[in-house]
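Below you'll find the structure, written out as structure tokens, and then a few comments.
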Amino acid sequence: MIDKISVSIRDVTKIFVSRTGETKALAETSLHVREGEFVSLLGPSGCGKSTLLRLLASLDRPSTGEVELTLNNAGRSPVSVVFQDYSIFPWKTVLGNVAFGLRLAGKKRPEAERIAREHIVRMNLAGFENAYPGQLSGGMKQRVSLARALALDPDLLLLDEPFAALDPQMRQILQEDLLRQWENGDVRTAISVTHDLDEAILLGDRVALMSARPGRIKRIFDVPFGRPRSPDIRYSQKFSEIRQEIWASLRDEVRPAGPDAAPIKHSEPI
Amino acid sequence: MNVAPGSPRALERTTRIVNSPGQLERQHSKLVARRSRFRLLLNFLIPAALLLGWEVGAIFGMIDRRFFPPPSATTIAAIKLFANGSLLGQIVVTLYRVFAGYLPGALIGVVFGIFTGSYWTADALFRPVLTAMYTVPKLGIFPLMLLIFGLGDLPKIALVGLSVFLLIAITAHDAARAVPSGFIDVGRVFGAKPHHRFLEITLPASATMIFSGLRLAMGQAILVTIATEMVNGDDGVGFLIWHSWSIFEPASMFVGIVTSALVGVLSIGLVTIVERFCICWEDQNQTKLAFT
Ligand SMILES: Nc1ncnc2c1ncn2[C@@H]1O[C@H](COP(=O)(O)OP(=O)(O)OP(=O)(O)O)[C@@H](O)[C@H]1O
Ligand SMILES: [Mg+2]
């Protein structure tokens, strides 16, 4: 089978102009994502990952270059996004939030709510259908945001640090949930921003590493695991080898530059 | 902890800190009920003290009761006016004018304000006009209303509606602009049409601020109604106040003043009740009182 390209980012730059001056958030960035592929986007804080994702979601326009999405309309909607700060509506119940995208996609209310309920159960939120976000914990809110995006069964799913605000146990569980749902074909193509190396490798077919601001794709790593994969690959030798390799490359970007920033010798970070 | 050396406490090895349910936790509903009763008492404390002082001052001749009839005299006048049916009639007429102007003015104001606050072109087009009209004293254009709408209720209702509309349009405009862009982004990602954006995002996101405008506008609606009744026509609470003054019956004048204050408190309380009903997602545990 010939791989179809579903996302093409070609020489995209993004410059933010404000009263205080210009910020170059993205330098010439190119990336091509195959249909059905999961790409993890890794990079130091402020390198433009969120900016790139907003360009993919058409929430912003590039300064130069172009982003092209070729989606095959296999899902219920073309693109959906899980936002870094979840952005679920305080004035809607859990059910109302999850059904929101479905209703806007043209589903009648009963149908939208039926699908929403399914995803609420999958996200372990059963019993909280009628609760307002104000009554939920941070992890629960994040799961609502995830359910809202997944319920749409998008051709392209964009995730901006979806698990960053969670405790490590919850994060691990949700990573495994997402892995399972993605491999079950609910999500077709996905690009996920993360700071978590393990998450990037566990979920991704490839890991794209960005350089410090202004960001560009510095290197792309192929993840040497097939699908479906078990969450237990985390404990394998191959996993820690690729992890080490990615970290070695990322470390140079994360470390502050300058004469004082003497290299620190330690083999395994975090 | 500071413990003097040599004291018995210093000899103890450990410090024991216990945190157990306090009174609020053990008797929550009882305390809440008691607190809201106390609150009600506090609400009436200052008015009661003022009225009592006035009454006592009048008894001892420190206040001239011909010009400033004491509360007792005002109460008697109120009972008389109430008994012959005229007070209730005036209140009904005034309330009719207030709400006939307020409801359409507020409704159009909310929709229009959110519209101008959501699109920069609408903002550029309408904001200067709205701001300019808002600063014109409303009573100053009452003659204009009389010219346009003739005599009767309509010019008064129109002026109330206009005042409410302007205030609410400006509040809703600012409220819509203050909606966090993240919420708008969610709408865009999920393909919200303009009516979705309005009904499901901007309106609820700006509701709290709009309701504070709705309360202020209710006060202004009453103020404008009573003022127009003073200068034109022969009914309403405003007419009662002005007419009593011109035939020198200060007691009924005070009845009119107190009545307008009560109408104001109750109407604004009504807005707060509607707000609690509409903004159901916010924590309602705090006992907010309707009339504040
Ligand atoms: N709306 C904006 N206006 C001006 N500058 C912006 C804007 N959005 C982002 N930037 C700048 O662009 C750069 C990249 O921001 P971005 O949010 O994409 O980083 P990020 O890689 O997602 O970081 P993090 O990992 O901390 O979320 C930053 O320097 C930021 O200050
Ligand atoms: Mg970010």
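Within the stretch A:45-87, if we keep just the residues that are assigned to a loop (DSSP other than H, G, I, E, B), away from every other protein chain (no Cβ under 13 Å) and in contact with a Ser or Thr (Cβ under 6 Å, 6 or more places away or on another chain), the residue that is farthest from A:S211 (Cα to Cα) turns out to be A:T70. Would you check if there is a residue in the stretch A:63-74 being open to solvent by 10 Å² or more (accessible area, probe 1.4 Å) and in contact with a Gly (Cβ under 7 Å, 6 or more places away or on another chain)? No, that holds for no residue. Here A:W91 clears all of (1) within 13 Å of another protein chain (Cβ to nearest Cβ); (2) within 25 Å of A:D196 (Cβ to Cβ); (3) surrounded by 21 or more Cβ atoms within 10 Å (Cβ to Cβ) except the condition numbered (2). Comparison of A:T64, A:T51 shows that the only residue that is hydroxyl-bearing (S, T, Y) and either under 27 Å from A:R227 (Cα atoms) or away from ligand 2 (no atom under 13 Å from the Cβ) (or both) is A:T64. I'd like to check something: does the stretch A:9-20 contain any residue that is more than 10 Å from ligand 1 (Cβ to nearest atom) and buried (at least 21 other Cβ atoms within 10 Å of the Cβ)? Checked against the condition, which is being more than 10 Å from ligand 1 (Cβ to nearest atom) and buried (at least 21 other Cβ atoms within 10 Å of the Cβ), the stretch A:9-20 yields at least one hit. For first residues located in the stretch A:37-57 and closer than 17 Å to A:A164 by Cβ and of a type in the set (K, R), partners that are modelled with pLDDT of 90 or more and near ligand 1 (Cβ under 10 Å from one of its atoms) and lie 6+ apart or on another chain with Cβ distances below 6 Å form the pairs A:K49/A:L41; A:K49/A:G43; A:K49/A:V193.
Checked against the criterion of being over 15 Å from A:F16 (Cα atoms), surrounded by fewer than 16 Cβ atoms within 10 Å (Cβ to Cβ) and within 13 Å of ligand 1 (Cβ to nearest atom), the candidates A:S30, A:S45, A:S58 yield just one match: A:S45.
Does A:S40 satisfy the criteria of being in a loop (DSSP other than H, G, I, E, B), within 16 Å of ligand 2 (Cβ to nearest atom) and closer than 23 Å to A:D222 by Cα? Judged against the criteria, A:S40 is not a match. Of A:L102, A:L136, all but one fail to be more than 11 Å from chain B (Cβ to nearest Cβ), open to solvent by less than 40 Å² (accessible area, probe 1.4 Å) and away from ligand 1 (no atom under 16 Å from the Cβ); the exception is A:L136.
For the stretch A:182-220, give me each residue that is over 14 Å from the mean Cα position of the chain (by Cα), farther than 21 Å from A:L156 by Cα and more than 16 Å from ligand 1 (Cβ to nearest atom). Of everything in the stretch A:182-220, just one residue is over 14 Å from the mean Cα position of the chain (by Cα), farther than 21 Å from A:L156 by Cα and more than 16 Å from ligand 1 (Cβ to nearest atom), namely A:R219. If you go through the stretch A:215-232 and keep only what is assigned to a loop (DSSP other than H, G, I, E, B) and surrounded by 17 or more Cβ atoms within 10 Å (Cβ to Cβ), you end up with A:R216, A:V223, A:F225.
The values are calculated or read from the model by the stated rules, or taken from the named source; none is laboratory data. All of these numbers come straight from a predicted model, not from anything done at the bench. Heads up, the Cβs are rebuilt from the backbone with ideal geometry, glycines too, and the neighbour counts pull from every protein chain shown. With ligands, DNA and RNA removed, areas are computed over all heavy atoms of the protein, side chains included. Shrake-Rupley method; radii C 1.70, N 1.55, O 1.52, S 1.80 Å.
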